[in-house]
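In what follows, a structure is listed as structure tokens, so that the remarks can point back to it.
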Amino acid sequence: MNVRPLPTALAEKARKELNEDPELIDEKIQQFKQWILNQKHLKARTDDQWLLAFLRGCKYRMEQAKSKIDLYYSLRSTAPYLYSIKFNESKLIDLLNLGSVVILPKTLNPSEPRIIFYRLGRFDPKEYHIIDVLSLLSLMEQICFMEDDTFVVAGTIHVLDFAGTKFGHYTQTSLTHLRHIGLARQDAVPIRIKRIHFLNTPYFFETFFKVAKMILSEKNKQRILFHSKSALHDYFPKEIIPEEYGGTGDSFRQCVDYWKNKIREYDSFFEEDLKYGSDESKRLTKNDSIQFD
């Protein structure tokens, strides 16, 4: 079995919250891998650590893990625009430099959720699309699936700062695109969202949010909190919060540099990743194919 042992506290969390039994991990991975290999339409990564991320994200519910990984790769082929930025494009580095989205690389406690920061006002809606931002985030998440057990087991907290956003940020995306984004962000990735913080929402945000809520699961709707930037200190240790938000954690520049190096380290991984996807013409059960408007 080519997976890492977990630190004690994180292993206990995996046992309690994800139904993980270390003695059965290898059996579950092999069962999952064999199912993938039997799917004629599916060309998926089968690294043990990769498959384990999907199993953990589904609390070892095998049928749910199968559906999730199938959707993950089907979207790659049927909705490629959701993954608009490739790892080797200069546009990726330009967007990364803006610091519009970063996964904070540090936690005080490895059994506490990993924090993802979105600073949506940092990108010009005339030059970039929100889908570009989410495409960049997807690359970071793939790295986390492979090497960050805290991200997979403890889950994620999302902090969305809307400071500096303009009306153009909110008119980029059609309702159809929102539905596709919801499918990709909620149903196709093994990510456990624990909380969503909205900061500095503009006066017209409520109108947009009424539409956006249509794509959110009921669970995620209940996880949203609205508050000011300064209120972050009520929810996170000061040592974690980036210095731009009054904390003593790594600056966004440090976080950006970290992710630049990580993405560079994963060049061969992402190059290989381009070959994965699905061939819907080979899907045995046509009713299960992914349909888009």
As an exercise: evaluate Leu136 against (1) in a helix (DSSP H, G or I); (2) within 27 Å of Asn261 (Cα to Cα); (3) not assigned by the TED database to the domain that holds Trp259 and give the number of the one condition it does not meet. (3)
Being of a type in the set (Ser, Thr, Tyr) and open to solvent by 80 Å² or more (accessible area, probe 1.4 Å) is the filter here; which residues of region 221-249 pass it? Ser230, Tyr235, Thr248
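Out of Ser67, Ser74, which single residue is assigned by the TED database to the domain that holds Glu23, open to solvent by 30 Å² or more (accessible area, probe 1.4 Å) and farther than 22 Å from Glu244 by Cβ?
Details: Ser74 fails: open to solvent by 30 Å² or more (accessible area, probe 1.4 Å).
Going through Ser67, Ser74 in turn, just one is assigned by the TED database to the domain that holds Glu23, open to solvent by 30 Å² or more (accessible area, probe 1.4 Å) and farther than 22 Å from Glu244 by Cβ: Ser67.
Report whether or not Leu92 is open to solvent by less than 20 Å² (accessible area, probe 1.4 Å), under 26 Å from Arg56 (Cα atoms) and not small (Gly, Ala, Ser). Spell out how you get there, then give the answer.
Values: open to solvent by less than 20 Å² (accessible area, probe 1.4 Å): yes; under 26 Å from Arg56 (Cα atoms): no; not small (Gly, Ala, Ser): yes.
Spelling it out, it is not the case that Leu92 is open to solvent by less than 20 Å² (accessible area, probe 1.4 Å), under 26 Å from Arg56 (Cα atoms) and not small (Gly, Ala, Ser).
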Suppose we filter region 250-277 for residues that are more than 20 Å from the chain's Cα centre (by Cα), in contact (Cβ under 8 Å) with a residue 24 or more places away in the chain and surrounded by 13 or more Cβ atoms within 10 Å (Cβ to Cβ); how many remain? 2
Return a yes/no flag: does region 110-120 have any residue that is in a helix (DSSP H, G or I) and either in the same structural domain as Ser251 (by the TED database) or under 18 Å from Pro242 (Cα atoms) (or both). yes
Cβ pairs under 8 Å, 6+ apart, first in region 185-210 and farther than 30 Å from Glu17 by Cβ and assigned by the TED database to the domain that holds Phe117, second among the aliphatic types (A, V, I, L, M) and surrounded by fewer than 17 Cβ atoms within 10 Å (Cβ to Cβ): Asn200/Ala163
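Please go through region 92-127 and give me each residue that is of a type in the set (A, V, I, L, M, F, W, C) and more than 18 Å from the chain's Cα centre (by Cα), ordered by number. If you could, list the steps in order and put the result at the bottom.
At the first step, the residues of region 92-127 found to be of a type in the set (A, V, I, L, M, F, W, C) are 92-93, 95-96, 98, 101-104, 108, 115-117, 120, 123.
Hits for region 92-127 are Ile93, Leu98, Leu108, Phe123.
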Could you list, in sequence order, all residues of region 261-282 that are modelled with pLDDT of 95 or more and of a type in the set (Ser, Thr, Tyr)? Tyr266, Ser268, Tyr276, Ser278
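So is Tyr60 on the phi > 0 side of the Ramachandran plot and not in a helix (DSSP H, G or I) or not?
On the way: on the phi > 0 side of the Ramachandran plot: yes; not in a helix (DSSP H, G or I): yes.
Yes.
Here is a list: Tyr258, Tyr235. Which entry is under 24 Å from Asp148 (Cα atoms) and at pLDDT below 95?
Working: Tyr258 fails: at pLDDT below 95.
Step by step, each of Tyr258, Tyr235 is checked, and only Tyr235 is under 24 Å from Asp148 (Cα atoms) and at pLDDT below 95.
Going by the structure shown, is Asn97 in a loop (DSSP other than H, G, I, E, B) and either of a type outside the set (D, E, K, R) or open to solvent by 10 Å² or more (accessible area, probe 1.4 Å) (or both)?
Numbers: in a loop (DSSP other than H, G, I, E, B): no; either of a type outside the set (D, E, K, R) or open to solvent by 10 Å² or more (accessible area, probe 1.4 Å) (or both): yes.
Here the answer is no, as Asn97 does not meet what is asked.
Residue by residue, here is whether (1) without any contact (Cβ under 8 Å) to a residue 40 or more places away in the chain; (2) surrounded by 20 or more Cβ atoms within 10 Å (Cβ to Cβ); (3) not small (Gly, Ala, Ser) holds:
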| residue | (1), (2), (3) |
| --- | --- |
| Arg122 | no, no, yes |
| Leu136 | no, yes, yes |
| Met146 | no, no, yes |
| Thr150 | no, yes, yes |
| Gly164 | no, no, no |
| Ser174 | yes, no, no |
| His180 | no, yes, yes |
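The values are calculated or read from the model by the stated rules, or taken from the named source; none is laboratory data. Here the structure is a predicted model, which means the values were calculated and not measured. We place every Cβ from the backbone using ideal geometry, glycine too, and count neighbours over all the protein chains shown. Note: areas computed on protein heavy atoms with side chains; ligands, DNA, RNA excluded. Shrake-Rupley method; radii C 1.70, N 1.55, O 1.52, S 1.80 Å.
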